[in-house]
1. Could you list, ordered by first residue, the pairs with Cβ atoms under 8 Å in which the first is in segment 52-72 and of a type in the set (Lys, Arg) and the second is not in a loop (DSSP other than H, G, I, E, B), at least 6 apart or interchain?
2. Return the total of residues in segment 72-101 being of a type outside the set (S, T, N, Q) and at pLDDT below 95.
3. Report yes if Leu20 is of a type in the set (A, V, I, L, M, F, W, C) and open to solvent by 40 Å² or more (accessible area, probe 1.4 Å), otherwise no.
4. Sort out which residues of segment 104-115 are closer than 15 Å to Glu6 by Cα and open to solvent by less than 40 Å² (accessible area, probe 1.4 Å), and write them in order of number.
Amino acid sequence: QVHVVESGGGLVQPGGSLRLSCGTSGSVSSIWRMAWYRQAPGQRRELVASITNGGITNYADSVEGRFTISRDNANNTVYLQLNSLKPGDTAVYYCNAKTQYRAYWGQGTQVTVSS
């Protein structure tokens, strides 16, 4: 069992930055990939960025060059740095921890980009 908790969302103006954090606990040694997803109102949940145990990262085209995913293995935490934010980035951001057998989700954190 893996427990996932996100934090760091908020309201930011266009062009601003935020850093989201995702803490994990429990059977963290079984996790092979961490990822951030987001879901805007009326939209499907979409993959934003992911990072494997080997450090391989992957980004959605819409955030490439603006968002950066990183991990602190010592503290079982994954971060998502959001720069040059746009109104279209407004969504609930979810952290996802994937093991061999299943994926675990956090409760989500709201990011709102508005002037």
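1. Correct list of pairs: Arg66/Leu82; Arg71/Met34; Arg71/Ile51; Arg71/Thr77; Arg71/Val78; Arg71/Tyr79.
2. The first filter runs over segment 72-101 and keeps only residues of a type outside the set (S, T, N, Q), leaving 72, 74, 78-80, 82, 85-89, 91-95, 97-98, 101.
Okay, now just the ones that are also at pLDDT below 95, so 72, 74, 101.
Result for segment 72-101: 3.
3. Working: of a type in the set (A, V, I, L, M, F, W, C): yes; open to solvent by 40 Å² or more (accessible area, probe 1.4 Å): no.
The answer is no for Leu20.
4. We begin by selecting, within segment 104-115, every residue closer than 15 Å to Glu6 by Cα; these are 104-111.
Across segment 104-115, the qualifying residues are Tyr104, Gly106, Gly108, Thr109, Val111.
The values are calculated or read from the model by the stated rules, or taken from the named source; none is laboratory data. Note that this is a predicted model, so its numbers are computed, not measured. Backbone-built Cβ (ideal geometry, glycine too); neighbour counts: all protein chains shown. Each accessible area value is taken on the protein alone, full model and side chains, heavy atoms only, with ligands, DNA and RNA left out. Shrake-Rupley method; radii C 1.70, N 1.55, O 1.52, S 1.80 Å.
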